[in-house]
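Peer 1: Handing you this structure, nothing more for now.
The values are calculated or read from the model by the stated rules, or taken from the named source; none is laboratory data. Everything numeric in this text was worked out from a predicted model, so none of it was measured. Backbone-built Cβ (ideal geometry, glycine too); neighbour counts: all protein chains shown.
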Amino acid sequence: MQIEKRFSLIPKLQLIVFLILFGFLGFSFQSVHGDGLAQEMLPPSLIGNRNVTLSIGSSPFFIDNNHTGTQINLMLLDVGTQQPFPEVTLAVSAFKGDQAIFGHIFKSDGGNFILNFFSQTSRDISTEEKSGVLSSFTGQHSGNYIIKGPIFNSGGLYKFKIDVLTMGSYSNQVNKSYNAGISIPEYDKYTVHDNNFGSQQIQIIAYYDQIHDFRYDSQKKFMNFTMPFNWSEDNVGQISVVHQEIQIPRSFGDFMVTRYDAYVNNIKLPDKAITIDDYSSDTSRTIHLILYKENVRELQAQQYNLKQQMIFSLKPNNENPFPIIQFTSNAQFKVSLSWAPPQITAGSTTKFKFQILDPYLINATAGAVSYDFSVIEGNNGVIFHHSGMTSNSTGGDDIDVPFPSNYAGPITVAFENLSGNSFASAEFASVVVEPVANAPKFPVKLDSYSTQGNTKNPGKYSVDLTWFPGIISSGTQAEFVFTIKDKNTGQPLENSSFDFVIIQNGKEVYRNSTSSQSGGSFVDYTFTKNQEGPITIKLENIDNSGESAEESIVIAPEFPFGPLTVLLVLFATTIIFSKLRFLPDLQRS
């Protein structure tokens with residue numbers, strides 16, 4: 001499986017600010033989160049004899065819906081008056097991981113700092129104060145700065161150390177330190193390849209720190225990715241929320257289910273930690289994994305030998321996949337859809353059951369609604385179309401769809417023009433599979449025969465034949481088990497010899513002379529790719545009688561079998577000489 005990854009800063013940037021009082025023990029973090037804006041007021045502390053708090057906030061800059069910069073606002077406040085201290089000097093240092101990326105001393109006459117960060121590809125960092133024309137002569141400081149350089153040019157967790165050097169007066173030197181952490185969400189795109197639905201692009205937005213090692217298992221239908229995380233008690237105690245956002249295309253049918261199972265480090269998350277959002281996009285579904293402090297503590301308590309990471313896993317919960325509910329593209333209706341049997345098979349009829357629901361009320365139908373219902377074969381054409389009016393029944397409406405036998409692959413089930421509105425539409429993805437070959441009921445009963453010229457006459461033996469696996473594919477060892485019996489008495493023959501022969505296209509490809517002990521024997525054989533297709537298994541010269549028995553089967557191509565894998569397998573079981581087959585010869589003779 002090939003995975004392509006592309007990084008960019010999220011167009012609709014959301015910032016999560018992590019703040020705590022510094023002290024002298026190093027960095028620790030408390031998170032604050034919001035939609036694009038974030039602000040926190042730190043607990044009061046004494047600087048000299050003054051009760052002081054630090055206010056910090058952050059917000060993004062957008063130009064044509066593209067993120068171009070980040071603004072950080074700092075203000076040192078008197079707790080009693082809630083007014084900023086004048087003539088404040090701050091030393092601000094920024095770190096990404098263990099690497100220092102920025103450091104500068106800022107001054108503000110009014111005590112309000114506005115730091116405007118603009119990411120650039122240049123190696124150098126420039127800092128410019130925005131001030132009046134005469135400020136350079138008068139020594140005034142506006143506190144409004146523009147910082148340009150390689151800062152915030154990737155998502156993840158950024159640490160800030162903020163040292164208060166002066167307050168109240170530039171001559172009043174103080175010494176107090178604070179810490180802040182700003183998390184810039186990372187927007188990652190991964191292209192995965194699924195057996196049923198082809199190439200699909202998964203988008204993940206990480207709101208805490210950068211993710212890596214994304215993997216998708218097409219057979220087991222789960223995806224996982226890793227995020228660095230500090231499991232120390234200090235850090236866990238300061239956590240407010242850890243948030244991951246996974247966007248899945250609506251065309252990815254296996255993941256368009258009503259429930260999901262999510263895990264962190266192989267520990268199952270509660271259902272309340274998973275939120276499904278079908279409102280935000282017409283083309284994708286958003287799944288939110290949200291861990292609050294109590295969730296993180298529970299995960300911490302259930303783990304031993306903690307690695308400094310969170311491994312997130314997500315898979316569809318298929319215990320009860322129906323109904324699937326989607327909003328129409330204009331949010332005018334909800335459409336509830338299920339079908340039976342759950343696996344849609346080529347050449348069979350599937351019953352689709354649906355309801356058109358009120359978008360705001362729970363399980364309330366929208367009345368009699370006109371609709372166009374279509375089943376679309378991939379992107380090529382319509383398999384089935386029906387126009388009608390819902391019955392407004394609480395049980396919903398049914399449509400039987402006969403699927404052609406010559407198509408297997410992705411389909412789209414579409415509801416369009418609901419209530420005559422061309423914007424009221426909803427689409428559901430699924431897949432049509434080939435009929436899965438069924439193994440015959442064992443043992444297969446064979447009757448022996450003898451030949452006289454072109455005439456086949458009934459023999460005196462019966463053969464019970466079983467093979468493993470029931471569906472034989474090339475490259476897999478098959479075991480054929482025989483029990484030879486006297487047809488009249490039904491008793492197994494002892495020490496009977498025979499030749500085990502494999503015939504393909506009328507030519508012998510394998511022969512093994514063997515014998516059965518107490519009537520039973522077995523032969524192992526591995527079929528090659530060149531032997532795929534119809535073959536004949538034949539027992540010749542049973543007990544030196546010249547009689548034979550045979551069975552025709554088909555050797556399948558070598559590829560995985562699964563309930564949703566498109567199979568190109570035919571299996572035929574034909575008893576060559578049963579009593580019904582040789583009866584006409586007896587009548588002619």
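Peer 1: Assuming Phe102 fulfils every condition listed in (1) over 23 Å from Leu46 (Cβ atoms); (2) at pLDDT 90 or above; (3) not hydroxyl-bearing (Ser, Thr, Tyr) apart from one, which condition is it?
Peer 2: Only one criterion in (1) over 23 Å from Leu46 (Cβ atoms); (2) at pLDDT 90 or above; (3) not hydroxyl-bearing (Ser, Thr, Tyr) is unmet by Phe102, namely (2).
Peer 1: Something else about it: Among the residues of the stretch 496-524, write down those that are modelled with pLDDT of 90 or more and buried (at least 17 other Cβ atoms within 10 Å of the Cβ).
Peer 2: Phe498, Phe500, Val501, Ile502, Ile503, Gln504, Val523, listed by residue number.
Peer 1: Which of the residues spanning the stretch 484-498 are out of contact with any Leu (no Cβ under 7 Å at 6 or more places or on another chain) and within 19 Å of Trp467 (Cβ to Cβ)?
Peer 2: The answer is Pro492, and nothing else.
Peer 1: Which of the strands (runs of 3 or more DSSP E) found entirely inside the stretch 282-329 contain at least 2 residues meeting this: more than 26 Å from Asn363 (Cα to Cα)? Let's see the steps before the verdict.
Peer 2: Details: elements: 284-292, 309-316, 324-327.
In the stretch 282-329, 284-292, 309-316 are the strands (runs of 3 or more DSSP E) which contain 2 or more residues that are more than 26 Å from Asn363 (Cα to Cα).
Peer 1: How about the stretch 192-219: which of its residues are outside any strand (DSSP E or B), of a type in the set (Ser, Thr, Tyr) and over 12 Å from Met310 (Cβ atoms)?
Peer 2: Tyr207, Ser218, listed by residue number.
Peer 1: Could I ask something else about it? In the stretch 131-146, what residues are modelled with pLDDT under 85 and surrounded by fewer than 16 Cβ atoms within 10 Å (Cβ to Cβ)?
Peer 2: Of all residues in the stretch 131-146, those modelled with pLDDT under 85 come to 131-139.
Matches in the stretch 131-146: Gly132, Val133, Leu134, Ser135, Ser136, Phe137, Thr138, Gly139.
Peer 1: How many residues does the stretch 90-109 contain that are surrounded by 19 or more Cβ atoms within 10 Å (Cβ to Cβ) and among the hydroxyl-bearing types (Ser, Thr, Tyr)?
Peer 2: Here the count works out to 1.
Peer 1: Here is a further query. Find the residue count for the stretch 373-394, including only residues that are assigned to a strand (DSSP E or B) and of a type outside the set (A, V, I, L, M, F, W, C).
Peer 2: Going through the stretch 373-394 one residue at a time, the tally reaches 7.
Peer 1: All but one of (1) in a strand (DSSP E or B); (2) surrounded by fewer than 21 Cβ atoms within 10 Å (Cβ to Cβ); (3) in contact (Cβ under 8 Å) with a residue 40 or more places away in the chain hold for Asn175; which doesn't?
Peer 2: Asn175 satisfies every listed condition except (3).
Peer 1: To continue, here is another question. Which condition from (1) out of contact with any Ser or Thr (no Cβ under 9 Å at 6 or more places or on another chain); (2) surrounded by 14 or more Cβ atoms within 10 Å (Cβ to Cβ) is the one that Leu418 breaks?
Peer 2: (1)
Peer 1: Would you tally the residues in the stretch 66-103 being in a strand (DSSP E or B) and either of a type in the set (Ser, Thr, Tyr) or over 44 Å from the mean Cα position of the chain (by Cα) (or both)?
Peer 2: 11
Peer 1: Asp209 - would you say it is within 18 Å of the chain's Cα centre (by Cα), among the charged types (D, E, K, R) and surrounded by 15 or more Cβ atoms within 10 Å (Cβ to Cβ)?
Peer 2: Numbers: within 18 Å of the chain's Cα centre (by Cα): no; among the charged types (D, E, K, R): yes; surrounded by 15 or more Cβ atoms within 10 Å (Cβ to Cβ): yes.
When the stated conditions are applied, Asp209 does not pass them.
Peer 1: Report those strands (runs of 3 or more DSSP E) wholly inside the stretch 487-560 carrying at least 3 residues which are in contact with a strand residue (DSSP E or B) (Cβ under 8 Å, 6 or more places away or on another chain), closer than 23 Å to Lys441 by Cβ and in the same structural domain as Thr466 (by TED's automatic domain parsing).
Peer 2: On the way: elements: 496-504, 507-516, 520-526, 533-540, 549-555.
Because the criterion is at least 3 residues that are in contact with a strand residue (DSSP E or B) (Cβ under 8 Å, 6 or more places away or on another chain), closer than 23 Å to Lys441 by Cβ and in the same structural domain as Thr466 (by TED's automatic domain parsing), the strands (runs of 3 or more DSSP E) in the stretch 487-560 that meet it are 520-526, 533-540, 549-555.
Peer 1: For the stretch 349-356, check the following and say yes or no: at least one residue is part of a loop (DSSP other than H, G, I, E, B) and either surrounded by fewer than 16 Cβ atoms within 10 Å (Cβ to Cβ) or at pLDDT 90 or above (or both).
Peer 2: Pass one, the stretch 349-356, residues part of a loop (DSSP other than H, G, I, E, B): none.
There is no residue in the stretch 349-356 that is part of a loop (DSSP other than H, G, I, E, B) and either surrounded by fewer than 16 Cβ atoms within 10 Å (Cβ to Cβ) or at pLDDT 90 or above (or both).
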